[in-house]
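Worksheet for the structure shown next.
The values are calculated or read from the model by the stated rules, or taken from the named source; none is laboratory data. It should be emphasised that the depicted structure is a prediction, and the values quoted were computed from it without experimental measurement. Don't worry about glycine lacking a Cβ; one is built from the backbone with ideal geometry, like all the others, and counts go over all protein chains shown. Areas reflect the complete protein model, heavy atoms only, side chains present, ligands, DNA and RNA absent. Shrake-Rupley method; radii C 1.70, N 1.55, O 1.52, S 1.80 Å.
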Amino acid sequence: MRSSRVSRGLSVAGVLAVGLIVLGVRPTAAEVSSSGTLEIRSAEGGTIAEGGSRTPFSLLIPPGAECQGDSADDGYVVHSFMIPSNEDPASLTFSPQPEGEGRYPLYLATTGRYSNQLTQDAPELGDPGVLDQPEPFSFEAFEGAEIPSGEYRIGIACSFEGKTTRYWDTVMVVTRAADTQPVEYSFTVPGANSDVDREASAGWALALGVVVLLVLAVGVLVVVRRRSSHPKSELSKESS
């Protein structure tokens, strides 16, 4: 383990980042890539298909997700983003929120903007910095803002000197309710079914299965009774 640690603060990370520039250590364009897909879950960890402005949701990053370096010694920090689905997260720059029109940060349900977050300390100098799982997000902070309805890519990104070096994302459809004051938003997760929907579907499937079994049982009972009421005719058929 390291014998000493620099203090946790973005100012220190910035100074270290400048030192890396002098040494010529910086990520190249070839290092910018998607490292996996985020999973949208409810705040409790269950499946979620839709929600409103105040509905908390979690963005689950893959276990062991990491930046190329850590925040303490290498100057990497972590951001969130919400951009139109036809844009490339690899091109994002942060200062500290995503730069450019129509690009937004995400906000935690209990605190503020998810920007300039620190990675875990790497065990050795130069090792990757592992990301902490973010707390649940919500769209409550967007109420009253002029965010267009549409399909967005939302995600978490590592950055160095404000430039994306690695990211994890997924797709969400955001709808702006024009008839509310302040403006509220709702979201849907394409292809997702909520736990309630799944329980309802399972209930209907079980009920249908019971009905089918009852119909089959009644059918068998009718056939048995018919045969028992006409034994001679059945025997004559068999003898012929």
Next on the checklist: VAL171 - would you say it is farther than 14 Å from PHE81 by Cα and of a type outside the set (Gly, Ala, Ser)?
Outcome noted: no
Checklist entry - When you go through PHE137, PHE160, PHE142 one by one, which is the residue that is at pLDDT 90 or above and within 16 Å of ARG41 (Cα to Cα)? => result PHE137
Next on the checklist: As an exercise: evaluate ARG103 against (1) closer than 23 Å to PHE57 by Cβ; (2) in contact with a helix residue (DSSP H, G or I) (Cβ under 9 Å, 6 or more places away or on another chain); (3) charged (D, E, K, R) and give the number of the one condition it does not meet.
Outcome noted: (2)
Item to check | Unique match (being crowded, with 23+ Cβ neighbours inside 10 Å, among the small types (Gly, Ala, Ser), modelled with pLDDT of 95 or more and outside any loop (DSSP other than H, G, I, E, B)) among ALA90, ALA72 | outcome: ALA72
Checklist outcome for this item: In region 75-85, anything open to solvent by 10 Å² or more (accessible area, probe 1.4 Å), of a type in the set (Ser, Thr, Tyr) and either within 30 Å of PRO182 (Cβ to Cβ) or at pLDDT below 95 (or both) is listed as SER85
